[in-house]
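Worksheet for the structure shown next.
The values are calculated or read from the model by the stated rules, or taken from the named source; none is laboratory data. Remember, it's a predicted structure, so these values are computed and weren't measured experimentally. Reconstructed Cβ throughout: ideal geometry from the backbone, glycine too, with neighbour counts over all protein chains shown. What goes into the accessible areas is simple: the full protein's heavy atoms, side chains included, and nothing from ligands, DNA or RNA. Shrake-Rupley method; radii C 1.70, N 1.55, O 1.52, S 1.80 Å.
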Amino acid sequence: MSKHQLLMLDPTAERDLEMINGMLPAGEFDVTTPAAEDAGSITDLLQNAEILVTRSQPVSEKLLASSPNLKLVQKYGGRADRIDLDAARARDVAVALMPLCGCIAVAELAMTLILALSKQLIEAHAATVNGAYRELGIEPKQTSQRVHAFQWMRLPHLQEIRRKTLGIVGFGEIGTEVAKRARAFEMDVVYHKRESLPASMEEHLGVRSVSLDELLRMSDFVSIHVPHSPSTDKMIGAAELGMMKSSAYLVNTCRGPVVDELALIEALQKRVIAGAGLDVFDFEPLPFDSPLTQLDNVILAPHIGGGTGGAREKQMADVLENVIRFARGEQVQNRLV
């Protein structure tokens, strides 16, 4: 039996190819990848490829036309914005996505922080365990369906996130997963990135693109999902925090230096914004004497957004499981075409 020809469209390091081969059934696949230093090396590989796996490389009509034996494009990720679906459909090439578990883990934490901030969860917990009712002249009493002490602490900033506006700064795989979850809570979602998504994808996700300044001014919650680079270093500073509503919350689960930490501390101390949920910091672990630890309007976490660890291997295993299913004629997950 001839082997299925699997092309990793993004240049893939030798150690990663070894990992991939170790995850595939022995003798069933021949795995190749273009040489990083030779853009022309892909031409011959496309001629033989039956299955393409892509993470960041576009799959255009021209590329599909250069792949006469192609049967499946498998995206290493949850968005198909750089894949020409119409061209794939016309050539009877299947297209499937695979949302990444690491991205989902970060998105879940971002939503956890948004929900916790909206419910003043830290204050509520502290009031409950510290017996704050004693200072309010309230005595515990037996409860029933009709007799209870609803909101006895009178927390002043409780809110529902339904119909609130979430602004997502950076809209890659993680931002997309956050948007999906926010829309499930009936939030209005706007985003900012260098290149807007195609209109059809915005409609599918229920989001719209705005400028960064507009996002900051209109959002009730701002969640940051950009990589740290010279262009994003301290991209959220005093000026940007000053644009936000005084009732708004900032959530950062990407990298600490994307936010000017000193400016954020001052904004939180002076109530320029209502609060923040932070999983990342300038220094990690967060120094025990950081002023952030003394604030009552911030929720802090020890960089847990990546989930349970091993995401890289688990993500690749999920992608390859879909590839194996397709090669064996079984139903694949998240098929678009």
Would you calculate the convex hull of the Cα atoms in the range 139-209 and tell me its volume per residue in Å³? 130 Å³
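Can you pull a Stokes-Einstein diffusion coefficient for the range 89-219 at 37 °C (0.692 mPa s), Rh from Kirkwood over Cα pairs, as a whole number of µm²/s?
184 µm²/s
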With no solvent and one equal point scatterer per Cα, compute the Debye intensity ratio I(q)/I(0) for the range 256-337 at 0.18 Å⁻¹ and report its log10, rounded to two decimals. -0.77
Size of electric dipole in the range 211-309: Cβ of Lys, Arg +1 and of Asp, Glu -1, about Cα centre, debye, nearest 20: 200 debye
So between ARG183 and ARG328, what do we pick up on full extension, going 0.36 nm a residue minus the alpha carbon distance? 48.6 nm
Looking only at trypsin sites (Lys or Arg not before Pro) in DSSP loops with at most 11 other Cβ atoms within 10 Å, what is the longest site-free stretch of the chain? 1-140
With the radius of gyration and the Kirkwood radius both derived from the Cα set of the range 1-83, what is their ratio Rg to Rh? 0.94
So how compact is the chain: Cα radius of gyration and Dmax in angstrom? 24.0, 80
Computed lengthening from TRP152 to ASP318, 0.36 nm per intervening residue step minus Cα-Cα distance: 55.1 nm
For the chain, the longest site-free run once GluC sites (Glu not before Pro) in DSSP loop states with at most 13 other Cβ atoms within 10 Å are removed: 196-329
Does the range 178-250 come out rounded, prolate or oblate by the C-alpha gyration tensor, with a ≥ b ≥ c the root eigenvalues, rounded set by a/c under 1.5 and, if not, prolate when a/b is larger than b/c and oblate if not? oblate
Percent of Cα-Cα pairs per 10 Å bin, from 0 to the last occupied bin, for the range 55-110, please list those. 23, 47, 19, 10, 1
A chain fully extended from GLU195 to THR143 at 0.36 nm per residue, minus the present Cα-Cα distance, gains in nm 13.2 nm
So in the chain, what percent of DSSP beta bridges are antiparallel if you round to the nearest 5? 0 percent
Using a 1.4 Å probe over the heavy atoms of the protein chains, calculate the carbon and sulfur portion of the accessible area of the chain as a whole percent. 51 percent
Quick check for me: using +1 on Lys/Arg Cβ and -1 on Asp/Glu Cβ, what's the dipole size of the chain about its Cα centre, in debye to the nearest 20? 1240 debye
For the range 139-178, report the % of Cα-Cα distances exceeding 17 Å. 62 percent
Positive end of the dipole of the chain, charges at C-beta (+1 Lys, Arg; -1 Asp, Glu), about the Cα centre: which of ALA80, MET316, SER231 has its Cα farthest in that direction? ALA80
Probe 1.4 Å, protein heavy atoms only - accessible area per residue of the chain in square angstrom: 53 Å²
Lys pairs, the chain - Cα-Cα below 17 angstrom, 8 or more residues apart or on other chains: 9
Take the alpha-carbon centre of the range 122-187, take the same for the range 285-337, and report the distance between them in whole Å. 25 Å
Within a Gaussian network of the chain (alpha carbon springs, distance under 10 Å), most fluctuating of VAL222, VAL73, VAL129: VAL129
From the helices alone, meaning DSSP H stretches of at least four residues, give me the mean residue ellipticity at 222 nm for the chain, per-run term -39500 (n - 2.57), in deg cm²/dmol to the nearest 500. -9500 deg cm²/dmol
Add +1 for every Lys or Arg and -1 for every Asp or Glu among the other residues with Cβ under 12 Å from the Cβ of GLY22, and state the total. -2
